[in-house]
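Trainee: After the structure tokens below, expect a handful of questions from me.
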Amino acid sequence: MPAATFPISPSLTVADVTPRLRKMKEAEMRARFEIDSGVSVAHAVKHLAKKRLTFVCVTDSAQGGRVIGMFSERDYLRYQVRAEASAFFSGMDATMEPVTRAMSAAERMLSLRAETTVHTALSMVQHKIWRHLPILDDNERLTAVLDIRELLQLFGGRTDHQPHTPGEPSAALAPGGHLRSVWHGKCVADILRTKRREKIVEGTSLELYLRTRAATHTIAASGTIERAAKQMARERLTFLVVVEEDARVKTTELYVPSPFEKNRVVGLVNERDFVRFGAEHDDGLGKHASTPVRAIMTPLDQIERVSITDSVSKCVDILIAKNVRHLPVIDGEHLFGVVSLRDVLRPMLPDARESVLAGAEHGHVSAVWRKAQPADAGGP
């Protein structure tokens with residue numbers, strides 16, 4: 001794994017950088033990132049879909065707008081498959097339940113304080129893949145929203161080919177430049193080797209391992225959205241790659257193709273697809289549980305993806321420019337693995353967990369980080 005030191009002062013805080021990020025008026029911020037605790041799940045889902053958000057803060061007007069929880073795309077997906085919410089798949093409409101039934105309570109949500117260090121904020125990406133992080137004050141009210149993409153653009157650092165000019169502000173440096181220098185000369189295959197090196201059985205090739213592992217992250221286009229939701233919740237995934245049998249691959253007496261070779265990638269289904277579908281159906285997902293994944297997936301030609309030979313620099317460009325969290329590694333029409341923002345940041349934040357836990361102990365990040373939380377699955 002490449003070794004590097006992140007080019008940000010350990011003492012730099014969120015309060016120090018917030019004035020340099022994109023300005024958002026308070027009224028605009030609250031209208032976009034807040035909903036009242038009295039609204040329904042259906043209302044909350046429509047809000048996420050309309051605003052294209054990964055989460056929204058749930059506030060209690062009786063407590064002066066105090067944030068009491070967070071409702072995210074993942075919360076919606078898990079709400080569908082929880083035993084107590086089985087109404088979704090039994091034909092009943094559960095979307096009129098209050099959003100408080102589906103949200104992550106304040107003690108379980110991710111949030112920052114003004115005194116949180118930037119290093120800690122970025123380190124949180126190691127465990128939870130978020131595009132935005134809410135910043136709360138001492139009264140648990142929303143004061144700002146930190147956009148991880150803007151943070152990377154602001155503190156990307158210089159590249160090997162772009163020397164730093166004395167007195168030049170960080171904002172003028174190439175976005176993600178330091179990320180590129182850390183991975184200089186490396187390609188997607190190097191990331192996959194790094195993240196799976198210790199899990200590959202001796203004598204097993206990386207390619208064979210990835211082909212086997214890829215099955216966990218795929219679903220047939222004819223599979224139901226109920227099955228997809230349960231698989232994503234069980235495997236702690238934010239998306240599944242949608243495949244269908246390739247009629248061009250023939251089985252003969254002399255050749256029996258593997259499941260990997262028989263399937264071709266036709267699209268991707270993620271948490272946002274479920275949110276969008278749920279927002280379009282006021283009667284909830286219960287009556288649509290048997291809908292094929294093909295009906296809600298994002299087609300292959302609309303997916304941001306990379307090949308196994310693409311440079312890591314290209315990955316950085318896409319992650320920042322397109323504001324995505326994961327990139328499927330697809331060669332031709334076959335899945336080789338998944339690269340996440342966390343994978344790219346990992347060598348720059350070697351002590352991520354210690355940094356985040358230290359911040360939790362000092363009250364600079366949400367208390368949820370006092371407990372050792374398992375990392376979300378980021379793909380093979």
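Trainee: Run Thr291 past the list (1) closer than 17 Å to Ser222 by Cα; (2) in contact with a Cys (Cβ under 9 Å, 6 or more places away or on another chain) and report the number of the one that doesn't hold.
Mentor: Only one criterion is unmet by Thr291, namely (2).
Trainee: Checking Ser40 against (1) surrounded by 20 or more Cβ atoms within 10 Å (Cβ to Cβ); (2) touching a Pro at 6+ places or on another chain (Cβ under 7 Å), which test does it fail?
Mentor: Unmet condition: (1).
Trainee: Oh, and also: With Ser355, Ser340 as the choices, which residue is modelled with pLDDT under 85 and over 28 Å from Arg78 (Cα atoms)?
Mentor: Within the list Ser355, Ser340, the selection yields Ser355.
Trainee: Keeping to region 10-36, report how many residues are crowded, with 19+ Cβ neighbours inside 10 Å and either closer than 30 Å to Glu97 by Cα or within 19 Å of the chain's Cα centre (by Cα) (or both).
Mentor: Result for region 10-36: 2.
Trainee: Still on this structure: Looking at region 102-119, which of its residues are polar (S, T, N, Q), touching a residue at least 60 places away in the same chain (Cβ under 8 Å) and farther than 13 Å from Val17 by Cα?
Mentor: Ser111
Trainee: A further question follows. Which count do you get for residues in region 39-51 that are in contact (Cβ under 8 Å) with a residue 60 or more places away in the chain and either among the small types (Gly, Ala, Ser) or not in a helix (DSSP H, G or I) (or both)?
Mentor: 3
Trainee: Name the single residue that is nearest to Val243 (Cα to Cα) among those in region 293-334 being among the basic types (Lys, Arg) and not in a loop (DSSP other than H, G, I, E, B).
Mentor: Ranking the candidates gives Arg294 first.
The values are calculated or read from the model by the stated rules, or taken from the named source; none is laboratory data. Keep in mind it's a predicted model, so treat the numbers as computed, not measured. Cβ sites come from the backbone with ideal geometry, for glycine too, and all protein chains shown count toward neighbours.
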